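Asker: Here's a structure for you.
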Amino acid sequence: GESVGLHLPTLSVQEGDNSIINCAYSNSASDYFIWYKQESGKGPQFIIDIRSNMDKRQGQRVTVLLNKTVKHLSLQIAATQPGDSAVYFCAESAGGSYIPTFGRGTSLIVHP
Amino acid sequence: EPEVTQTPSHQVTQMGQEVILRCVPISNHLYFYWYRQILGQKVEFLVSFYNNEISEKSEIFDDQFSVERPDGSNFTLKIRSTKLEDSAMYFCASSEDMVAAKTGELFFGEGSRLTVL
């Protein structure tokens with residue numbers, strides 16, 4: 001079946017390093033891709049989205065890259081801080097639906 | 001900053017009992033959602049609600065589940081006869097409109113943890 005999934009379940013980085021979280025998707029009909037951050041004990045929080053006709057979008061300290069050729073999405077966090085420690089989910093909205101479908105999540109651990 | 005609030009934060013129930021989880025969406029939002037997250041797993045869509053009707057639902061949302069907006073502020077999820085596998089964190093979310101939802105701008109509450117014994 002079609003799905004959104006993540007390569008790495010856990011990523012450990014040192015404070016100040018850049019982090020890259022990856023996501024593979026298989027639904028070629030998806031037209032929006034989204035990254036969410038979920039801190040411990042809280043609900044997911046929207047970080048950034050990218051439309052399928054783009055290959056890069058930047059936010060504050062975050063960049064999302066989309067490679068439609070290999071159906072790959074990544075979230076880059078610059079100068080990672082301890083407050084970035086959380087589980088990060090990629091999600092997709094397929095054409096014809098406005099409901100984001102979540103992938104499994106990657107835990108980012110930032111060591112001071 | 002406006003937020004989605006959920007009650008209770010944790011509920012423990014016996015298998016077969018009915019459970020109602022409550023949510024107060026952000027006041028000017030028109031679309032409401034329930035998602036669930038089994039421990040350590042991904043966040044799964046259950047149902048969306050607009051204009052006092054279900055607009056989309058997943059295969060998880062079977063006849064044991066129902067949603068209601070009983071007044072102008074609350075949005076509830078009822079599980080009629082709980083099963084062990086209903087144990088999960090249930091998240092309510094809201095969005096201003098369909099376009100916001102499409103681009104992922106859902107505002108989630110902090111969740112209600114349901115434990116079925």
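Asker: Please sort by residue number the GluC sites (Glu not before Pro) in the stretch B:29-107 whose DSSP state is loop and whose Cβ has at most 11 other Cβ atoms within 10 Å. Intermediate values should be presented prior to the final figure.
Answerer: Values: sites: B:Glu44, B:Glu53, B:Glu56, B:Glu59, B:Glu68, B:Glu85, B:Glu96, B:Glu105; in loops: B:Glu59, B:Glu96, B:Glu105.
Within the stretch B:29-107, the qualifying GluC sites (Glu not before Pro) (loop, at most 11 other Cβ atoms within 10 Å) are B:Glu59.
Asker: Next up: How high is the relative contact order of the stretch B:5-116, in percent, counting Cα pairs under 8 Å that sit 6 or more residues apart? The partial results should precede the final answer.
Answerer: Values: 256 pairs, mean separation 42.1, N = 112.
It rounds to 38 percent for the stretch B:5-116.
Asker: Can I ask one more? Whenever you get a sec, compute what percent of the accessible area on chain B sits on carbon and sulfur atoms (1.4 Å probe). Spell out each step's value before the answer.
Answerer: Details: 2800 of 5940 Å².
About 47 percent, which is the carbon plus sulfur part of the accessible surface.
Asker: Carbon and sulfur: what percent of chain A's accessible surface (1.4 Å probe)?
Answerer: On the way: 2450 of 5300 Å².
Answer for chain A is 46 percent, counting heavy atoms of protein chains only.
Asker: Check each residue of the stretch B:75-117 and keep those whose accessible area, probe 1.4 Å, is at least 40 Å² smaller with all protein chains in place than in the chain alone; give them in order of residue number.
Answerer: Buried by 40 Å² or more upon assembly, which counts only protein chains, are B:Lys102, B:Thr103, B:Gly104, B:Phe108, B:Glu110.
Asker: Here's a follow-up. Which pairs, out of A:Lys68/B:Lys102; B:Lys57/B:Lys102; A:Lys37/B:Lys78; A:Lys42/A:Lys68; B:Lys57/B:Lys83; A:Lys71/B:Lys57, put more than 24 Å between their alpha-carbon atoms?
Answerer: A:Lys37/B:Lys78; A:Lys42/A:Lys68; A:Lys71/B:Lys57
Asker: Mind checking the dipole of the protein assembly as shown: about its Cα centre, +1 per Lys or Arg Cβ, -1 per Asp or Glu Cβ, Debye to the nearest 20? Spell out each step's value before the answer.
Answerer: Details: 19 positive and 26 negative charges, 77 e Å.
Using Cβ point charges on Lys, Arg, Asp and Glu, the protein assembly as shown gives about 360 debye.
Asker: Considering only protein heavy atoms, what per residue accessible area in square angstrom results for the stretch B:5-116 with a 1.4 angstrom probe?
Answerer: Details: 5420 Å² over 112 residues.
Dividing the accessible area of the stretch B:5-116 by its residue count gives 48 Å².
Asker: Tell me whether the protein assembly as shown comes out rounded, prolate or oblate; compute the Cα gyration tensor, take square roots of the eigenvalues as a ≥ b ≥ c, and use a/c under 1.5 as the rounded threshold.
Answerer: Numbers: a/c = 1.79, a/b = 1.50, b/c = 1.20.
In terms of gyration-tensor shape, prolate.
Asker: Continuing with the same structure: How many Å² of accessible area per residue for chain A, probe 1.4 Å?
Answerer: Heavy-atom accessible area per residue stands at 47 Å².
Asker: To continue, here is another question. Among A:Lys56, A:Lys68, A:Lys42, which one shows the biggest mean-square fluctuation in a GNM of chain A, springs joining Cα atoms closer than 10 Å?
Answerer: Answer for the Gaussian network model of chain A: A:Lys42.
Asker: With unit charges on the beta carbons (Lys and Arg positive, Asp and Glu negative) and the dipole taken about the Cα centre of the protein assembly as shown, which residue among A:Gln60, A:Gln76, B:Ile60 sits farthest to the positive side?
Answerer: Farthest towards the positive pole: A:Gln76.
Asker: Tell me the total accessible area that B and A bury against each other, 1.4 angstrom probe, in square angstrom rounded to 100. Intermediate results must be reported in sequence, preceding the final value.
Answerer: Working: alone 6890 and 6210 Å², together 11250 Å².
Accessible area lost upon association: around 1900 Å².
The values are calculated or read from the model by the stated rules, or taken from the named source; none is laboratory data. Every value quoted in this text rests on a predicted model; they were computed, and no experiment measured them. Cβ coordinates were reconstructed from backbone atoms using ideal geometry, including for glycine residues, and neighbour counts include every protein chain displayed. Each accessible area value is taken on the protein alone, full model and side chains, heavy atoms only, with ligands, DNA and RNA left out. Shrake-Rupley method; radii C 1.70, N 1.55, O 1.52, S 1.80 Å.
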